[in-house]
Every structure is written in C-alpha cells, then in structure tokens.
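Right, one structure below, let's go through it.
Laboratory data are not the source of any read-out in this text; all were calculated from the coordinates shown. Predicted model, so just to flag it, every value in this text is computed and none were measured. Note that we place each Cβ from the backbone using ideal geometry, even for glycine, and neighbour counts take in every protein chain shown.
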Amino acid sequence: MKKLRVGMIGAGNIANTHLERYIKNPNVELAAICDINEAKANRTADKFGIPNRYNSVAAMLAAEKLDAADVCVWNCAHAECTIAALNAGLDVMCEKPMAMTAEEAQAMKDVADKNGKLLMLGFVTRFSTEARIAKDFIDNGELGDIYYSKATYVRRHGNPGGWFSDKSRSGGGPIIDIGVHPLDLTRYLMGNPKPMSVFCVAANELHEDRANLKTRVGWYPEGADPKKDVCDVESSAVGIIRYENGASTLLECSYNLHAPSKGDNNGRVIYGTKGGLNIDDMKFYTDINGFMVDAEIKDIKNYTEAKDMFQAEIDHFVDCCLNGTECISPAEDGVVIMKILNALYESAKTGKSVDII
Ligand SMILES: NC(=O)c1ccc[n+]([C@@H]2O[C@H](COP(=O)([O-])OP(=O)(O)OC[C@H]3O[C@@H](n4cnc5c(N)ncnc54)[C@H](O)[C@@H]3O)[C@@H](O)[C@H]2O)c1
C-alpha cells in the first residue's frame, strides 16, 4: 500500500503529540517538518527521524513532494499555512481553532473546495472513547430529542502565557483556546445544529495573582514567562448559544478562576427528552418506572472501539487521505465554530446578544 508522505508544519508541543501518533501508523512516511524556529524544527526532526527540515512553509512546499500536511502552528498562522499547503495540492489537517476569524476560516474552506482537497479540523475530543460512546448512545436514540447541553472547560490556574496570552497571535484566551473543545463536541453530539445567536460575558481577573503563584502548570510553551509575557486575553467567560432548532448550550471556560480543581474537561453534559449523559464521568440520568435513576456506563476502557484520542484522530486523517473515507471533522464544522467564537467575543465586547448569519 502506498504510504502517505506527511509534512509537519510547526515543531512545538502539539506537533510532537501528533508525531508520536504518526510514527505508530504504518501507512505514514514522515517526510519533512518546518518551523520558523529552526532549532526547534531540527530538534523535533531528530527526535522522530524526519529527514528534511525547513525554516518556512514556503521552503518546505517548494522542495518536497508531499501528500498531506498537518498545521500545528500559532492560531494567527493557521490560515496562511493551510492555504499554502492546499494550494500546493496537499490534503491538510489543521489544529483547532480553525483560524482567527470566520472570514479566514471560510477562505480556507473555499481553497480546499476549489482544489478538491480534504481540510480536516483537529477537533480531537470528537475522537475520545467517551465521545464515541456518547455518540453511539445518541445515535441509538437513548437520549431522545436533545435540547440542551453544558460545555465546560474550567482551569483554576491554567494560563499558558507565551503566544497563548498574546491576542495578536492567539485571537483570545480560554474561549478560543479551550472553550472551543466542549463547544465543538457538544454541538457535534447535538447533531451539528445551526447557531442563531449568542450572549457572552467575559472577565479579566487574576492574571497577576496567578502569574505569581508558587506552582506552575505543566503546559507553558517553551520560553513562556507568565510574569513578563503580554497578557491581553480574557481570564474566564460564560456564554449561551442558541441554535435554530430551539436547542441551547451553556459554555463556561477559564484560564484563571477560584474554582474547584477537577481537572480540565469537567462538565460536558448532553440533555435530551429521554435522558441526560455526562461525558466526563459517563453517568446517564433518566426516569425508569416512575423513578429518577442514575446509571453509570461501565468498563469503557474495554470498549471494543477504545483508542487514545490523538491516535484515533491521526489514524482517521490518514485513512481519509489514503482511502477517501468520509471525514468526521470537516472544514465546514470549523467554519461554524469560528462564527460562534467570533460572535462570543463580539457579545462580550458589546454587552449585547449577537446574531449569527
Ligand atoms: N488539540 C489540542 O488539544 C491542542 C493542544 C495544544 C495546542 N493546540 C493547538 O495547536 C497549535 C499549536 O500549539 P502548541 O501548543 O503546539 O504551540 P507551540 O508554541 O508549542 O508550537 C507552535 C510552533 O509553531 C511555530 N510557528 C509559528 N508560526 C509559524 C509559521 N508561520 N510557520 C512555521 N512555524 C510557525 C512556532 O515557532 C512554534 O514552534 C495551536 O493552534 C493550538 O491551539 C491544540
């Protein structure tokens, strides 16, 4: 079978996470990598035995004959790198969030469509075992008609600093960086309804207190210094998204909050007419025989389809590229999520509800 020749764009944290999975896929040849930070490109290339390394996307695309690219760079460079790779005739996976704006996201999708190429979004939580079991329950009608969901990603102390807290490179804070995960997952499990309007309130608190805490979180990007880095992003936010079918989602996310430490994904719940399902603890709430019943889905690690979510995501991308399998995380969903994210920021700024067209 022909191997997929992959070029990695970016050599940072998530690129390494993806590369650890690509090397486990026997149908992949890791051909090249690029990063504007040449030392990082070289270090990551050495670690994974990638033969060719470059200090720009343009140089890599000009020199290499690739089949696919994986865009793992700062959010501000997603559109530029993705469009360049698509125009070079490659299938592309792009990390979340799709871009900085809905306009950029639409332009990326338009280029993919024009070139007849795949553009997959790195909405990795769709590939988790929990999410796949939830989808199975929902597809089987166990929840009934879904009309509400909770999308929570609360960090008590989790501003990564570096480019993440610099709006010009990230586009924003916890809304666009981590809120995007439960926002996408709940919408996906609700059947991808069309968003109509949003209302959002964001706070800008605790940045300094948290920068001075004596504990450090583990995911600061290389070189980040929360005491010195630019920090012009929100610290926490709450939003409500109203969908065309009458359903709604309550989004809550934070980098900094005096909240109980429960871990990252701490409240993704889907509510339907027949039952509610908490995707984090796999509890199912329903009525049986006139009584309220809490059930627990047991033994999910032994689910026959269970897989590390990043491995499942990378394997799916490779499968879509090589075999034309239908992508379950397509660009069109990335564009819709980008519209919601932009509208949330607009609402937080204006204090008004924002319609999504
Ligand atoms: N799916 C997830 O759970 C997850 C987790 C972390 C990050 N991410 C996403 O992955 C992306 C990268 O995040 P990260 O944590 O790896 O950051 P990082 O800072 O560790 O790595 C990003 C790299 O991109 C490079 N870069 C920036 N602009 C470039 C350009 N134009 N061309 C080539 N290289 C360029 C930087 O030099 C840096 O090495 C972001 O979009 C982020 O939102 C997703």
Neighbourhood charge, 12 Å Cβ-Cβ cut-off, centred on Ile240 and excluding it, Lys, Arg +1 and Asp, Glu -1 = +1
May I have the pair-distance distribution P(r) for region 207-351, computed from all Cα-Cα distances with 10 Å bins from 0 and rounded to whole percent?
-> 8, 22, 32, 28, 9, 1
What is the Cα centroid distance between region 26-40 and region 160-227, reported in whole angstrom?
-> 27
DSSP bridge orientation in the chain - percent antiparallel, rounded to nearest 5 = 55
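Using 0.36 nm times the number of residues separating Asp232 and Lys2, minus their current alpha carbon distance, what extension gain do you get?
Roughly 78.1 nm would be gained on extension.
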What's the percent breakdown of Cα-Cα distances in the chain across 20 Å bins, shortest bin first?
-> 29, 59, 12, 0
For region 179-320, whose charge dipole is built from +1 on Lys and Arg Cβ atoms and -1 on Asp and Glu Cβ atoms, the candidate among Val233, Leu189, Gly290 with its Cα farthest towards the positive end is Gly290
Kyte-Doolittle mean at least -0.5 and Cα axial length at least 18 Å: DSSP H helices in the chain | 309-323, 331-350
Among the aspartates and glutamates, which fall within straight-line cross-link reach of Lys167, defined as a Cα-Cα distance under 12 Å, with same-chain neighbours fewer than 8 residues apart omitted?
-> Asp177, Asp229, Asp232, Glu234
Rg/Rh for region 128-306: what does it come to with C-alpha atoms and Rh from Kirkwood?
-> 1.03
Global form of region 57-197, assessed from the alpha-carbon gyration tensor, a/c cut-off 1.5 | oblate
Just name one of Ile83, His18, Cys72: the one whose Cα is farthest towards the positive end of the charge dipole of region 1-129 (beta-carbon charges, Lys/Arg +1, Asp/Glu -1).
-> His18
Which value, in debye to the nearest 20, describes the size of the charge dipole of region 128-306 about its Cα centre when Lys and Arg Cβ atoms bear +1, Asp and Glu Cβ atoms bear -1, and nothing else is charged?
-> 240
Exposed-loop-free span, longest in the chain, where chymotrypsin sites (Phe, Trp or Tyr not before Pro) count as exposed if DSSP calls them loop and at most 16 other C-beta atoms lie within 10 Å = 1-218
